[in-house]
């Protein structure tokens with residue numbers, strides 16, 4: 001197994017590169033309660049998938065084993081059923097087992113609440129989406145590694161992961177650069193798997209692999225560059241936004257002019273300085289009196305000791321001092337002087 005790991009280092013690197021775009025895409029998803037916890041299902045599934053390929057499990061046996069482990073990993077990601085390693089205290093006594101049993105039972109009750117929320121079409125607990133994302137990413141990672149290492153079929157391995165990435169980017173309105181990066185890494189993985197199959201065939205037939213490898217590598221690199229360019233240019237020709245970008249490139253919109261003469265009359269009038277002598281200066285930023293209001297009822301009396309609290313009373317303003325000139329204290333002082341003289 002160590003020799004296989006050393007010989008296939010490029011294959012492991014390409015598998016990680018294929019998983020990086022969907023990892024970056026889910027990292028910006030606001031609907032998950034904990035995106036890092038959901039992404040743990042992807043990387044743990046990648047590791048478990050590598051280990052499963054070196055076992056004697058059949059396809060169905062590996063699928064059942066992977067689904068069981070994936071469910072446990074998703075439950076840990078969403079509900080934190082097991083505490084961190086730093087919280088474990090040895091020896092494992094009866095109190096610790098009882099505590100773990102309570103946590104598992106509480107998570108089971110929480111899952112029952114998820115089912116009721118789904119039937120009601122309202123899911124306030126975002127832990128459900130974290131659970132589903134972690135379990136789905138686990139299954140996608142195991143499927144990817146199994147089909148690449150056991151079957152050496154990169155097309156079937158990349159199809160579910162590619163569809164999930166397309167759904168995520170379109171649903172969240174994310175950049176198409178993630179799809180372009182995934183397509184580039186996927187093409188490199190497909191080419192590498194094809195080379196591994198071809199090299200195994202060459203070795204079985206006893207052919208010279210060095211001379212044929214150069215011809216195969218040049219054709220593969222040329223096809224990879226061509227397909228990567230097509231994958232990058234396809235969104236421009238297949239979407240209305242792409243046609244808008246092409247139209248703006250050939251017919252750029254005129255640059256806005258900073259001169260006052262080019263602005264409409266209403267816009268130029270709106271941009272003129274405000275005359276404070278017409279509307280008054282702004283009120284002072286202190287605790288002084290700014291407006292005087294008059295209420296229809298007197299203020300409520302203080303509550304009596306030993307009596308129950310009465311319901312709040314409503315008071316409506318019958319008049320508002322609206323003739324503000326920026327100096328309410330002067331207006332109020334002038335009225336008092338006139339009343340004293342009269």
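For the condition part of a helix (DSSP H, G or I), in contact with a helix residue (DSSP H, G or I) (Cβ under 9 Å, 6 or more places away or on another chain), at pLDDT below 80 and surrounded by fewer than 16 Cβ atoms within 10 Å (Cβ to Cβ), what is the one hit in 233, 207?
Result: 233 is the single residue among 233, 207 that is part of a helix (DSSP H, G or I), in contact with a helix residue (DSSP H, G or I) (Cβ under 9 Å, 6 or more places away or on another chain), at pLDDT below 80 and surrounded by fewer than 16 Cβ atoms within 10 Å (Cβ to Cβ).
Quick grid of which residues meet (1) within 21 Å of residue 77 (Cα to Cα); (2) more than 11 Å from the chain's Cα centre (by Cα); (3) at pLDDT below 90:
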| residue | (1), (2), (3) |
| --- | --- |
| 13 | no, yes, yes |
| 23 | yes, no, yes |
| 26 | yes, no, yes |
| 30 | yes, no, yes |
| 33 | yes, no, yes |
| 36 | yes, no, yes |
| 48 | yes, yes, no |
| 55 | no, yes, yes |
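When both residues are 6+ apart or on different chains and their Cβ atoms are under 6 Å apart, which pairs have a first residue that lies in region 144-165 and is at positive phi and at pLDDT below 90, and a second that is assigned to a helix (DSSP H, G or I) and surrounded by fewer than 15 Cβ atoms within 10 Å (Cβ to Cβ)?
If the second residue must be assigned to a helix (DSSP H, G or I) and surrounded by fewer than 15 Cβ atoms within 10 Å (Cβ to Cβ), the pairs left are 152/197.
Can you name every residue in region 50-80 that is buried (at least 16 other Cβ atoms within 10 Å of the Cβ) and not in a helix (DSSP H, G or I)?
Passing the criteria: only 57.
Pairs please, first residue from region 65-76 and over 10 Å from residue 136 (Cα atoms), second anywhere and surrounded by 20 or more Cβ atoms within 10 Å (Cβ to Cβ), Cβ atoms under 6 Å, 6+ apart in sequence or on different chains.
66/142; 73/41; 73/44; 73/138
From the residues in region 29-49 that are out of contact with any helix residue (DSSP H, G or I) (no Cβ under 7 Å at 6 or more places or on another chain) and either touching a residue at least 12 places away in the same chain (Cβ under 8 Å) or within 29 Å of residue 124 (Cα to Cα) (or both), which one is surrounded by the most Cβ atoms within 10 Å (Cβ to Cβ)?
43
Would a scan of region 81-96 turn up a residue that is at positive phi, outside any helix (DSSP H, G or I), loosely packed, with under 15 Cβ neighbours inside 10 Å and without any contact (Cβ under 8 Å) to a residue 12 or more places away in the chain?
Checked against the condition, which is being at positive phi, outside any helix (DSSP H, G or I), loosely packed, with under 15 Cβ neighbours inside 10 Å and without any contact (Cβ under 8 Å) to a residue 12 or more places away in the chain, region 81-96 yields no hits at all.
Free of Cβ contacts under 8 Å to residues at least 24 places away in the same chain, under 24 Å from residue 44 (Cβ atoms) and buried (at least 20 other Cβ atoms within 10 Å of the Cβ): does that describe residue 135?
Answer is no for this residue.
If we keep just the residues of region 175-200 that are at pLDDT below 80 and under 28 Å from residue 32 (Cα atoms), which is surrounded by the fewest Cβ atoms within 10 Å (Cβ to Cβ)?
Once the filter is applied, the top-ranked residue is 175.
Assuming residue 243 fulfils every condition listed in (1) closer than 24 Å to residue 16 by Cβ; (2) surrounded by 12 or more Cβ atoms within 10 Å (Cβ to Cβ); (3) at pLDDT 75 or above apart from one, which condition is it?
Every condition holds for residue 243 apart from (1).
The values are calculated or read from the model by the stated rules, or taken from the named source; none is laboratory data. Bear in mind that the values here come from a model prediction, so they are computed numbers and not experimental data. Every residue, glycine as well, gets a Cβ built from its backbone with ideal geometry; the counts of neighbours run over all protein chains shown.
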